[in-house]
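Single-structure report; data block below.
No value in this document is a laboratory result; all are computed from the given coordinates. Bear in mind that the values here come from a model prediction, so they are computed numbers and not experimental data. Here the Cβ positions follow ideal geometry from the backbone for every residue, glycine too, while neighbour counts run over all protein chains shown.
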Amino acid sequence: MKHHFDFDKPVDRRLVPGEKWGRFGGRDVLPLWVADMDFAAPPPILEAIRKRVDHAVFGYTDVWPGLISAVIEGVWRDHQWRIEPEWLVWLPGVVTGFNLAGRIVGAPGDEIFTATPVYPPFLRTPDNNARRLLTSPLVERNGRWEWDREAVAATLTPHTRLFMLCNPHNPVGRVFDRDELEWIAGLAHRHDLVVCSDEIHCGLVLDQARAHIPLAALDESIARRTITLMAPSKTWNIPALYFAFAVIPEPGLHRRYLQAMRGVVPQPNVLGMVAAEAAYRDGDAWRHALLEYLRSNRRCVLDAVAQMPGLTTTSPEATCLAWIDCRRANLDDPAGFFEGAGVGLSDGRAFGMPGFVRLNFGCTRATLDEALARMSRALQDR
Ligand SMILES: Cc1ncc(COP(=O)(O)O)c(C=O)c1O
């Protein structure tokens with residue numbers, strides 16, 4: 001079925017300096033790396049921003065009741081999680097949000113746990129905040145990335161205070177199910193941990209049989225231990241508008257978080273606020289059309305990679321990201337090899353898992369087909 005949003009229409013991103021398409025200079029490298037998409041933002045967001053720009057004054061601006069209710073109602077509609085207004089903290093970004101969690105939980109010298117591979121700024125959070133990093137790897141079993149529960153439990157120590165969770169997961173694309181989340185909640189209780197749950201990709205669940213479950217929505221006891229981070233930026237492709245929020249139900253944790261922000265972390269950008277209200281209130285039709293487009297791009301990636309000698313991948317349940325295992329392809333530097341072939345991918349080393357690359361299929365089908373063809377040809381011709 002043809003919808004009325006045209007995701008096939010190319011937008012020439014080379015015309016705007018500093019964006020994804022600028023990284024490889026004048027070289028013919030298709031940029032399938034950083035996790036933004038090549039699609040124009042949804043019409044209701046563009047319209048809301050235009051209207052705000054026409055007002056022509058950009059004075060200091062606090063969040064307003066309509067924005068707060070759009071966020072609360074949007075999260076309820078999409079994830080059946082009831083957020084109380086006093087749990088909210090407004091942020092310019094999710095990376096800021098999890099670094100603040102790293103700063104307020106525990107004390108210098110304590111440990112922060114996360115599983116690899118993971119979005120690279122997770123791995124830098126402990127060092128940014130005088131904490132120590134503990135990791136253990138997710139494991140691939142029968143084409144699906146899972147927790148190695150024994151390994152995680154064996155990695156935690158009495159000095160571990162914070163568990164950094166990414167759900168849906170960048171880069172492996174998993175949407176963790178209730179059983180997995182209950183296991184994480186149990187660990188948090190047993191080891192007296194706070195969980196920082198980065199749920200920025202929650203609007204991008206591709207599998208129709210699956211739903212995102214916010215960790216804090218499981219029950220009140222885990223909600224009291226959880227700092228949830230969300231944003232409209234991935235789902236509606238507006239990351240440079242800088243709007244995100246934390247949900248912190250426990251009053252003491254909420255207060256410490258606000259204290260750590262004071263004088264350091266600014267309000268979100270006013271156009272980001274305007275965009276967020278429009279996204280949560282009027283962005284659902286576009287989001288569903290996007291998911292349909294991403295599902296068919298995912299199909300292309302899975303079919304093409306299955307034919308590439310030495311490469312394997314798993315089907316991402318969410319996100320526009322494919323995590324590709326190149327370890328059997330005998331490439332010293334898989335990301336460098338594909339860049340030489342004209343395709344810019346993210347290097348697994350930065351995610352704590354060498355031998356892998358991450359491919360962002362949030363682009364037009366034409367760009368994706370060309371990138372996949374270049375990858376196949378390069379593997380066959382070498
Ligand atoms: C898991 C995850 N968290 C956070 C971010 C970035 O968040 P922000 O731009 O709001 O700092 C990304 C972007 O790729 C991401 O994948």
**Request:** Would you pull out the residues with amide H under 5 Å of Thr312's amide H, same chain only if 5 or more places away, H placed 1.01 Å from N?
**Result:** Asp325
**Rounded to whole Hz, the Karplus (6.51, -1.76, 1.60) HN-Hα couplings of the range 150-164, x for glycine and proline** = 5, 5, 5, 4, 6, 7, 5, 10, x, 8, 7, 10, 10, 10, 9
**Message:** Using 5 Å bins from zero, what percent of all Cα-Cα pairs in the range 191-265 falls into each bin?
**Reply:** 3, 14, 20, 21, 19, 15, 6, 2, 0
**Asked** At 222 nm, what helix-only mean residue ellipticity would the chain give, in deg cm²/dmol to the nearest 500, using -39500 (n - 2.57) for each DSSP H run of four or more?
**Response** -11500 deg cm²/dmol
**Prompt:** Over all directions, what mean area does the Cα convex hull of the range 156-228 project, stated in square nanometres?
**Reply:** 4.8 nm²
**Request:** Please state, to two decimals, what the Cα-based radius of gyration of the chain comes to when divided by 2.2 N^0.38 Å (N = residues).
**Result:** 0.97
**Fill in**
Across 5 Å bins beginning at 0, the whole-percent shares of Cα-Cα pair distances in the range 248-310 come to 4, 13, 10, 10, 12, 12, 10, 11, 10, 7, 2
**Item:** Cα radius of gyration and Dmax for the range 187-226 (Å)
**Value:** 12.1, 35
**Complete:** When the charge dipole of the chain is computed with +1 on Lys and Arg Cβ and -1 on Asp and Glu Cβ about the Cα centre, the Cα farthest towards its positive end, among Asn297, Val57, His159, belongs to Val57
**Asked** Between the range 30-83 and the range 326-378, how many Å separate their Cα centres?
**Response** 31 Å
**Request:** Find the eigenvalues of the gyration tensor of the Cα atoms of the range 319-367, then list the square roots of 5 times those eigenvalues as equivalent ellipsoid semi-axes, largest first, in whole angstrom.
**Result:** 19, 13, 9
**Complete:** Here D for the range 124-203, in µm²/s, from Stokes-Einstein with a Kirkwood Rh over Cα pairs at 20 °C and 1.002 mPa s, works out to 158 µm²/s
**Rule-of-thumb Rg ratio for the range 230-382 [Cα; 2.2 N^0.38 Å; N residues]** = 1.31
**Asked** Working from the pairwise distances between different alpha carbons, so that the mean of 1/r is found and then inverted, what is the range 1-43's Kirkwood radius in Å?
**Response** 12.0 Å
**Against the rule of thumb 2.2 N^0.38 Å, how large the Cα Rg of the range 1-144 comes out** = 1.41
**Request:** Tell me the label-point distance for the pair Arg141, Arg14, using the 7 Å Cα-to-Cβ offset, in nm and rounded to one decimal.
**Result:** 4.8 nm
**Prompt:** Charges only on Cβ, +1 for Lys and Arg, -1 for Asp and Glu: so what's the dipole of the chain about the Cα centre, in debye to the nearest 20?
**Reply:** 480 debye
**Prompt:** Based on the Kirkwood radius over alpha-carbon pairs, what is the Stokes-Einstein translational diffusion coefficient of the range 80-154 at 25 °C with 0.890 mPa s viscosity, in µm²/s?
**Reply:** 170 µm²/s
**Item:** Spread of Cα-to-Cα distances over 10 Å intervals beginning at zero, given as percent, for the range 268-339
**Value:** 17, 32, 24, 19, 9
**Asked** Under the classification rounded if a/c is under 1.5, otherwise prolate if a/b is larger than b/c and oblate if not, where does the range 133-266 fall, given a ≥ b ≥ c as square roots of the Cα gyration tensor eigenvalues?
**Response** oblate
**Prompt:** Which order, highest average first, do 8-18, 29-39 follow once you tally other Cβ atoms within 10 Å for each residue and take the mean per peptide?
**Reply:** 29-39, 8-18
**Request:** Among Thr364, Gln208, Ile184, flag the residue with its Cα farthest along the positive direction of the charge dipole of the chain, charges on Cβ as +1 for Lys/Arg and -1 for Asp/Glu.
**Result:** Thr364
**Prompt:** Which translational diffusion coefficient, to the nearest whole µm²/s, is obtained for the range 1-76 from the Stokes-Einstein equation, given a Kirkwood hydrodynamic radius over C-alpha pairs, 37 °C and 0.692 mPa s?
**Reply:** 203 µm²/s
**Item:** the range 58-112: C-alpha gyration tensor shape, a/c 1.5 cut-off, then a/b vs b/c
**Value:** oblate
**Asked** In the chain, what % of DSSP beta bridges are antiparallel (nearest 5)?
**Response** 50 percent
